[in-house]
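Reading through the structure tokens given below for one structure.
Each value in this text was obtained by applying a stated rule to the coordinates, not by laboratory testing. From a predicted model like this one, the values you see are computed outputs, not experimental measurements. Methodologically, a virtual Cβ is constructed for each residue, glycine included, from the backbone with ideal geometry; neighbour enumeration extends over all protein chains shown.
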Amino acid sequence: MKIRTKIIGLLVGYFVVALVAIGSTLLVSWRLEGGAAAINDAGRERMRSYRIAYLLEQYVKSVEADYTKVHLRNDIEHEIALFEGTLVELDRGNPARPLFLPKDANVRAQMLKLQQSWSQDIKPRISLILNHSNSLAQQEASVNYRPALEKFVEGINQLVTMVEVSNAHATALLRLLQIALVSLALSGTGLLVYLFSQMVIRPVTQLREGLQRMAAADFSVWLPVISKDELGELAVGFNRMAGELQDIYATLEHRVEEKTRSIEAKNSELAALDKVMAVSEERNLLAQELHDSIAQSLAYLNIQVQMLQEDLQKGRTEEALKGLAQIREGVQESYDDVRELLVHFRTRIGSTDLQTAIKTALNKFEGQTGIQTTFKSSGYAPVLQPEQVLQVMHIVQESLSNARKHAKASCVDVVLSCDEQCVIDIRDNGVGFDVYQDAGDSHVGLSIMRERAHRIGAYLSFESIDAKGTHICLILPESRTENLSV
């Protein structure tokens with residue numbers, strides 16, 4: 001399973017669980033709000049019952065055919081209509097408010113009892129008082145209405161009490177859900193941190209440590225393959241590369257021993273100093289080839305792993321996935337370089353001309369590092385042998401590598417100018433360095449650049465000012481020229 005799928009699955013699962021918990025709290029809150037509205041309306045029914053009783057009492061006491069009596073009758077009928085409308089709404093509920101009774105059998109039974117009491121007892125008593133023609137009979141019905149009303153109101157009070165008890169239970173449930181939601185947030189976050197640590201951070205840390213050990217020439221390092229995702233593929237590729245490097249170093253040591261013995265056998269007449277110089281030159285050549293083909297790639301992979309770890313720690317998943325792709329590409333490139341080194345001990349340029357080779361190197365450098373590059377050319381490029389182009393490109397690549405690693409530059413400009421002389425100017429806007437202190441023989445990269453320039457008869461110079469960048473100038477030897485497309 002791809003690591004992207006794993007991460008998305010974990011996040012979606014966590015989101016669904018959190019959504020269910022939040023939805024449950026919202027549902028309980030909604031029911032609490034509906035229950036509170038039901039309590040208010042039930043209380044309003046209780047007050048309306050007493051108001052109807054009061055109006056009935058005034059109706060009985062009023063004079064026959066009096067205007068006040070007609071007005072009182074209209075008020076009573078209006079209150080009855082409001083009472084019945086509220087009673088129906090309590091029974092059916094109203095989600096728009098919201099208003100509804102709890103889904104409890106006892107509450108429903110009490111509501112049904114109130115409806116029956118109203119329709120079969122209270123309302124008929126009210127009608128008897130209003131429609132009886134005898135005032136004495138009206139008074140007697142009014143007196144008998146009072147106990148029935150008290151009993152009916154007691155039923156309303158019981159309904160209110162049941163709804164309040166149900167709301168109290170819902171409130172307790174809401175608190176439990178809120179506590180559970182907080183616990184879920186804490187435990188879920190901890191679980192996600194643990195899973196990300198196991199799935200991503202630990203393998204990346206192991207890969208970084210392995211690269212550091214390999215950069216220190218410890219090729220016995222081996223990474224455990226604990227998953228079948230991209231990180232597992234990286235571990236497999238890393239282990240394969242480590243095995244190849246072990247074979248290369250063993251082969252190189254054997255070759256050095258053979259060449260040393262051959263030199264001693266064929267040049268026994270030479271002085272001990274000549275022998276030491278010959279062996280030193282051979283070892284220096286091997287160190288240069290290793291520096292170009294392996295060490296720089298490992299240093300680049302180490303930087304990419306550090307950037308990947310930073311992206312993961314800051315939660316930048318998309319950038320981390322892009323970093324993984326670049327690391328995989330770098331591992332494959334290192335593996336290809338190792339295979340080529342076994343056969344040729346050098347990088348091939350083929351028939352690529354100098355301008356194309358520089359453009360390709362700059363595009364690759366900008367794509368891998370994000371450092372802006374520009375390239376300009378003029379005049380006629382010299383016709384160089386592939387080996388000469390190779391040495392020039394090694395110098396250019398080493399300059400770019402220094403601009404990224406040491407100068408911390410954000411822009412590199414390369415100019416190929418072929419007028420009277422063919423000159424390659426490489427400028428960066430980095431922090432610069434002390435030419436006299438850092439460009440001596442002790443600086444391996446700069447020493448190799450000088451030696452490569454010397455091999456093809458070129459002249460190499462360095463200019464740098466603190467905090468104002470570095471200028472590297474490579475003047476190529478005179479050669480037969482051909483037209484260079486600009």
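Considering the options 110, 323, 239, tell which one lies farthest towards the positive end of the dipole of the chain, charges being +1 on Lys and Arg and -1 on Asp and Glu at the Cβ, about the Cα centre.
Value: 110.
Mean separation of Cα pairs under 8 Å and 6+ residues apart, divided by the residue count of the chain: what relative contact order is that in percent?
On the way: 527 pairs, mean separation 50.9, N = 486.
This gives 10 percent for the chain.
Among the GluC sites (Glu not before Pro) in the stretch 363-431, which ones are in a DSSP loop with at most 13 other Cβ atoms within 10 Å of the Cβ? Mind listing them?
Working: sites: 366, 387, 398, 420; in loops: 420.
For GluC sites (Glu not before Pro) across the stretch 363-431 that sit outside H, G, I, E and B with at most 13 neighbouring Cβ atoms in 10 Å, the list reads 420.
In degrees from 0 to 90, rounded to the nearest 10, what is the angle of the helix 317-344 Cα long axis to the longest principal axis of the chain?
So the inclination is approximately 20 degrees.
Under the rule a/c < 1.5 gives rounded, and otherwise a/b versus b/c splits prolate from oblate, where does the stretch 110-156 land using the Cα gyration tensor?
On the way: a/c = 4.91, a/b = 2.05, b/c = 2.39.
Here the stretch 110-156 falls in the oblate category.
Tell me the trypsin sites (Lys or Arg not before Pro) within the stretch 77-113 that lie in a loop according to DSSP and have at most 12 other beta-carbon atoms within 10 Å. Please list the in-between numbers first.
Details: sites: 92, 103, 108, 113; in loops: 103.
Here the trypsin sites (Lys or Arg not before Pro) that fit, given the DSSP loop and packing criteria, are 103.
Out of the DSSP beta bridges found with both residues in the chain, what percent are antiparallel (nearest 5)? Write out the running numbers ahead of the final one.
On the way: 21 of 29 bridges.
In the chain, approximately 70 percent of DSSP beta bridges are antiparallel ones.
Relative to the longest principal axis of the C-alpha atoms of the chain, give the angle of the C-alpha long axis of helix 444-455, reported between 0 and 90° and rounded to the nearest 10°.
Roughly 40 degrees, rounded to the nearest 10.
Mind checking the angle between helix 67-92 and the chain's longest principal axis? C-alpha axes, 0 to 90 degrees, to the nearest 10.
Approximately 40 degrees, to the nearest ten.
Relative contact order of the stretch 354-475, please, whole-number percent, based on alpha carbon pairs below 8 angstrom and at least 6 residues apart.
Values: 204 pairs, mean separation 30.2, N = 122.
Answer for the stretch 354-475 is 25 percent.
Taking a Cβ-Cβ separation under 4.7 Å as the criterion for a possible partner, which cysteines of the chain have none?
411, 473 - these cysteines have no disulfide-compatible partner (Cβ-Cβ under 4.7 Å) in the chain.
Straight-line reach from residue 266: which lysines have Cα under 25 Å away, leaving out those fewer than 8 places along the same chain?
Reachable lysines: 275.
Rounded, prolate or oblate: pick one for the chain, where a ≥ b ≥ c are the square roots of the eigenvalues of its C-alpha gyration tensor, a/c under 1.5 means rounded, and failing that, prolate if a/b is larger than b/c, else oblate. Each step should come with its number before you reach the end.
Values: a/c = 6.31, a/b = 3.74, b/c = 1.69.
The shape class here is prolate.
Counting other Cβ atoms within 10 Å, keep those with at most 15, restrict to DSSP loop, and tell me which GluC sites (Glu not before Pro) in the stretch 57-111 are left. Please list the in-between numbers first.
On the way: sites: 57, 64, 77, 79, 84, 89; in loops: 64.
Here the GluC sites (Glu not before Pro) that fit, given the DSSP loop and packing criteria, are 64.
Starting from the Cα of residue 310, step 7 Å along the direction of its Cβ; do the same at residue 383; then give the gap between the two resulting points in nm.
Modelled inter-label distance: 4.8 nm.
Treating only the Cβ of Lys, Arg, Asp and Glu as charged (+1, +1, -1, -1), what charge dipole size does the chain show about its Cα centre? Round to the nearest 20 debye. Could you put the intermediate results ahead of the total?
On the way: 51 positive and 61 negative charges, 461 e Å.
My answer is approximately 2220 debye.
Which one of 27, 128, 71 is farthest out on the positive end of the charge dipole of the stretch 3-189, using unit charges on Cβ (Lys, Arg +1; Asp, Glu -1) and the Cα centre as origin?
Farthest along the dipole direction, towards plus: 27.
Does the stretch 354-475 classify as rounded, prolate or oblate by the C-alpha gyration tensor (a ≥ b ≥ c root eigenvalues; a/c under 1.5 gives rounded; else a/b over b/c gives prolate, otherwise oblate)? Walk me through the numbers before you get to the answer.
Values: a/c = 1.62, a/b = 1.20, b/c = 1.35.
Oblate shape, in that a/c is at least 1.5 and b/c is the bigger or equal ratio.
Using only Cα atoms, locate the centre of the stretch 17-44 and the centre of the stretch 76-145, then give the distance between them in Å, rounded to an integer.
Answer, in whole Å: 27.
Could you tell me the distance between the Cα centroids of the stretch 411-438 and the stretch 162-193, to the nearest Å?
Each part's Cα centre sits 67 Å from the other's.
Can you find, among 454, 386, 9, the residue farthest towards the positive end of the dipole of the chain? Put +1 on the C-beta of Lys and Arg, -1 on that of Asp and Glu.
Final value for the positive-end residue is 9.
For n ≥ 4 DSSP H runs only, could you compute -39500 (n - 2.57) per run for the chain, divide by its residues and tell me the 222 nm figure to the nearest 500? Kindly include the intermediate steps, with their values, before the conclusion.
On the way: 14 runs with 337 residues, N = 486.
The helix contribution divided over the chain gives -24500 deg cm²/dmol.
Count the DSSP beta bridges whose two residues both fall in the stretch 354-475, then state the antiparallel fraction as a percent rounded to the nearest 5.
Working: 19 of 27 bridges.
Here the share of antiparallel DSSP bridges comes out near 70 percent.
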